[in-house]
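The values are calculated or read from the model by the stated rules, or taken from the named source; none is laboratory data. Model, not experiment: these values are computed from the prediction. Cβ placement follows ideal geometry from the backbone for every residue including glycine, while neighbour counts extend to all protein chains displayed.
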Amino acid sequence: MWGHALAIAGKALRNLRSHLNKEYVQNGKTPYADYSFIKRHIWEEFVEKMSTDEAKAKSQEYSELAKKNVLPHHLGMTGYTAKRKKWRQEEREAAEDPFEGIDERGRDFFIARQPKKLKEGRKKYNEPRTKEAKKALPATKAAKEHGLFSPRREHDMLTEALRNPEHRGRVRGVSSRQSWKKLDSWQSDATSHNTR
């Protein structure tokens, strides 16, 4: 539990530093009016550190890396776990279920990518690739029902709809801290998976 709390605190601190750098340091502003807890000498040290060539190169590197995430979620720091209860309640209250027959991992993956604010001209998702993958989900479900597609461990309905393999050690639509060994959707296939 303490490890998880420290991980959340660390993530919050990284987000704050990133925000301060992007919104204040790079724009030549000071944060004192918005963040009264920041002391002048600490701010000056932070500005000096963020203004080095090394820090600018690192920032550029991470910026380029972030652009590669073509299917970003809109969960904030709370992640999937904190949102699931709310999502299931909304599903029970809805007139129709747009994810009928889709497992929880697939549902959660696409719900997490629905932004609070849509870009102009967009109807549900800001990223066209998310919309394309969501359209592929019913076809994958139909293929499964007709015996044309058999989900197997990491290659389940979501992975098939996204058309790209899972990254090792991560489980999309569940949590970056959840392992495949604990994921319910493939437990029935676990006996057929060869372990080394």
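Can we say residue 91 is surrounded by 10 or more Cβ atoms within 10 Å (Cβ to Cβ), among the acidic types (Asp, Glu), part of a helix (DSSP H, G or I) and not assigned by TED's automatic domain parsing to the domain that holds residue 151? No: the conditions fail for residue 91. Put simply, of 165, 98 the only residue that is assigned to a loop (DSSP other than H, G, I, E, B), in contact with a Ser or Thr (Cβ under 8 Å, 6 or more places away or on another chain) and either touching a residue at least 24 places away in the same chain (Cβ under 8 Å) or not basic (Lys, Arg) (or both) is 165. Scanning segment 66-84 turns up at least one residue that is under 28 Å from residue 174 (Cα atoms), assigned by TED's automatic domain parsing to the domain that holds residue 175, among the hydroxyl-bearing types (Ser, Thr, Tyr) and surrounded by 12 or more Cβ atoms within 10 Å (Cβ to Cβ). Can you pull out the residues in segment 1-52 that are touching a residue at least 60 places away in the same chain (Cβ under 8 Å) and either part of a loop (DSSP other than H, G, I, E, B) or loosely packed, with under 10 Cβ neighbours inside 10 Å (or both)? Residue satisfying the conditions is 4 alone.
Residues in segment 121-146 that are more than 15 Å from residue 100 (Cβ to Cβ) and either of a type in the set (Asp, Glu) or outside the structural domain of residue 108 (by TED's automatic domain parsing) (or both): 127, 132.
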